[in-house]
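Notes follow the structure.
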Amino acid sequence: MKKIGILGSTGSIGTQTLEIVRTNPDLEVTALAAGSNVELMEKQIREFHPQTAVMWSDQAAGDLKVRVSDLPVRVLAGMEGLLEIAQLPEMEVLVTAIVGMIGIRPTIAAMRAGKTIALANKETLVTAGHLIMPLAKEKKVPILPVDSEHSAIFQSLQGGPAGRLSKILLTASGGPFRGKKREELENITVEDALCHPNWSMGKKITVDSATMVNKGLEVIEARWLFDVDFDQIQVIVHPQSIIHSMVEFVDGGIMAQLGTPDMKLPIQYALFYPDRRPLQGKRVDFYELGRLTFKEPDRETFRGLELAFRAGRTGGTMPAVYNAANERAVALFLDHKIRFLEIAEIIEASMERHSGKQNPDVEIILEAEAETYDFIRTHYE
């Protein structure tokens with residue numbers, strides 16, 4: 001019996017992880033954590049019977065505690081609660097599907113406690129990769145990627161010898177506005193941006209896909225996960241989303257991982273690595289598919305991708321500023337307070353006013369986030 005905890009259990013990755021638990025009786029849920037969706041959390045507790053549950057706010061935790069008072073479950077709140085469940089002695093694997101930089105501290109705590117990390121919280125590596133990867137090596141803790149692209153890279157690397165990677169070919173669907181120019185994006189609505197052609201995701205990550213900021217975050221995450229330089233990462237627009245990413249080896253050979261756009265495959269692979277379990281769902285039909293196509297990304301129109309490379313190469317606190325500015329800008333866009341193209345403009349303005357600090361600890365990273373939020377609040381809200 002493998003015992004797991006899930007940070008972000010009511011979100012897209014969290015709910016799909018629980019779908020996998022339903023079909024694999026040798027998985028047991030020890031702990032669940034969520035933001036504010038008390039109703040769904042109650043349903044999850046009643047179905048999966050975790051020992052501990054965490055809600056982000058005291059109010060939500062209080063509400064949940066009343067709702068599940070008939071069950072033997074501890075209900076905790078806030079960062080203190082996240083840190084506690086990250087270190088539960090009985091838990092073996094922590095799925096970090098929580099959104100935002102609040103995932104950094106619980107991930108570090110879990111690693112120090114020797115837990116395997118199934119990583120879906122990309123902000124952790126984007127902003128603190130220089131802390132996370134050395135700690136993983138020191139504690140001999142596996143970090144198994146859950147993002148479809150990074151899982152694809154990880155799976156492809158199983159086919160080649162260590163130290164022989166030449167290049168990462170990171171694929172992108174291009175989002176709903178693939179092929180459009182800046183002038184065509186002037187009047188894009190929230191509803192337009194939330195219509196992803198291939199994937200079903202949460203609102204924030206769907207907008208990130210539309211701006212290609214999500215691919216920018218994945219570039220920085222890949223740099224840390226696979227210990228490569230940014231010059232070794234090439235983004236390729238692949239509209240069909242069948243090839244989830246590829247690796248090129250020093251001899252020119254390329255290994256790729258293909259599959260339908262379904263997040264349950266990388267989630268399950270991370271939970272059972274190195275085993276492969278049966279998984280129900282649609283399979284790729286190459287006769288029906290007909291062809292696979294590839295294009296170079298338009299970095300002029302989709303500025304978020306270019307800014308990610310700039311932030312990553314600058315390093316230090318700059319990736320934290322890039323991430324924080326995007327989080328706040330996307331929230332403003334979803335609230336209909338800014339235009340679609342202003343998301344990248346706010347990210348760039350936030351980066352330009354930031355002086356940057358190298359080798360930051362967690363406190364300095366979080367300070368950079370807070371300063372970025374203050375800047376945006378002052379100038380754009």
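The values are calculated or read from the model by the stated rules, or taken from the named source; none is laboratory data. None of the values given here were measured: they were computed from a predicted structure. As a convention, Cβ positions derive from the backbone with ideal geometry for all residues, glycine included, and neighbour counts pool all protein chains shown. Side chains are part of the model used for accessible areas, which takes the heavy atoms of the whole protein and leaves out ligands, DNA and RNA. Shrake-Rupley method; radii C 1.70, N 1.55, O 1.52, S 1.80 Å.
Details
- Residue tally, condition open to solvent by less than 50 Å² (accessible area, probe 1.4 Å) and in a helix (DSSP H, G or I), over segment 41-65: 9
- Failed item, numbered, when Gln257 is tested on (1) crowded, with 18+ Cβ neighbours inside 10 Å; (2) free of Cβ contacts under 8 Å to residues at least 60 places away in the same chain; (3) among the polar types (S, T, N, Q): (2)
- Qualifying positions in segment 19-65 - among the acidic types (Asp, Glu) and under 25 Å from Lys115 (Cα atoms): Glu19, Asp26, Glu28, Glu47
- Segment 344-359, residues that are closer than 23 Å to Ala128 by Cβ and touching a residue at least 24 places away in the same chain (Cβ under 8 Å): Ile346, Ile347, Glu348, Ser350, Met351, His354, Gly356, Lys357, Gln358, Asn359
- Search result, residues across segment 303-317 that are open to solvent by less than 20 Å² (accessible area, probe 1.4 Å) and over 15 Å from Ile346 (Cβ atoms): Leu305, Phe309, Gly312, Gly315, Gly316, Thr317
- Consider segment 283-306 and keep the residues that are touching a helix residue (DSSP H, G or I) at 6+ places or on another chain (Cβ under 7 Å) and assigned to a helix (DSSP H, G or I). The one that is nearest to Thr171 (Cα to Cα) is Leu305.
- Checked across segment 118-138, the condition of being farther than 23 Å from Asp208 by Cα and outside any helix (DSSP H, G or I) holds for no residue.
- Complete set of residues in segment 79-103 that are assigned to a strand (DSSP E or B) and not aliphatic (A, V, I, L, M): Thr96
- When Ser151 is tested against (1) under 23 Å from Lys264 (Cβ atoms); (2) assigned to a loop (DSSP other than H, G, I, E, B); (3) open to solvent by less than 20 Å² (accessible area, probe 1.4 Å), only condition (2) is not met.
- Candidate set from segment 238-254 (those that are out of contact with any helix residue (DSSP H, G or I) (no Cβ under 9 Å at 6 or more places or on another chain) and within 21 Å of Asp298 (Cα to Cα)); member that is most open to solvent (accessible area, probe 1.4 Å): Pro239
- For Thr17, the criteria (1) touching a residue at least 40 places away in the same chain (Cβ under 8 Å); (2) part of a loop (DSSP other than H, G, I, E, B) hold in every case but one, which is (2).
- The residues of segment 326-347 that are surrounded by fewer than 21 Cβ atoms within 10 Å (Cβ to Cβ), in a helix (DSSP H, G or I) and either of a type in the set (A, V, I, L, M) or in contact with a helix residue (DSSP H, G or I) (Cβ under 6 Å, 6 or more places away or on another chain) (or both), listed by number, are Ala331, Leu332, Leu334.
- Residue in segment 262-283 that is small (Gly, Ala, Ser), modelled with pLDDT of 95 or more and either open to solvent by less than 80 Å² (accessible area, probe 1.4 Å) or within 30 Å of Lys3 (Cβ to Cβ) (or both) present: yes
- If you filter segment 1-40 down to residues that are small (Gly, Ala, Ser) and surrounded by fewer than 22 Cβ atoms within 10 Å (Cβ to Cβ), you find that the one that is nearest to Gly81 (Cα to Cα) is Gly35.
- The set of residues in segment 154-168 that are among the aliphatic types (A, V, I, L, M), open to solvent by less than 70 Å² (accessible area, probe 1.4 Å) and not in a helix (DSSP H, G or I) comprises Leu165, Ile168.
- For Lys122, the conditions (1) under 16 Å from Gly14 (Cα atoms); (2) of a type in the set (Lys, Arg); (3) at pLDDT 95 or above all hold with the exception of (3).
- Some residue of segment 222-229 being buried (at least 20 other Cβ atoms within 10 Å of the Cβ), within 15 Å of Ser156 (Cβ to Cβ) and aliphatic (A, V, I, L, M): yes
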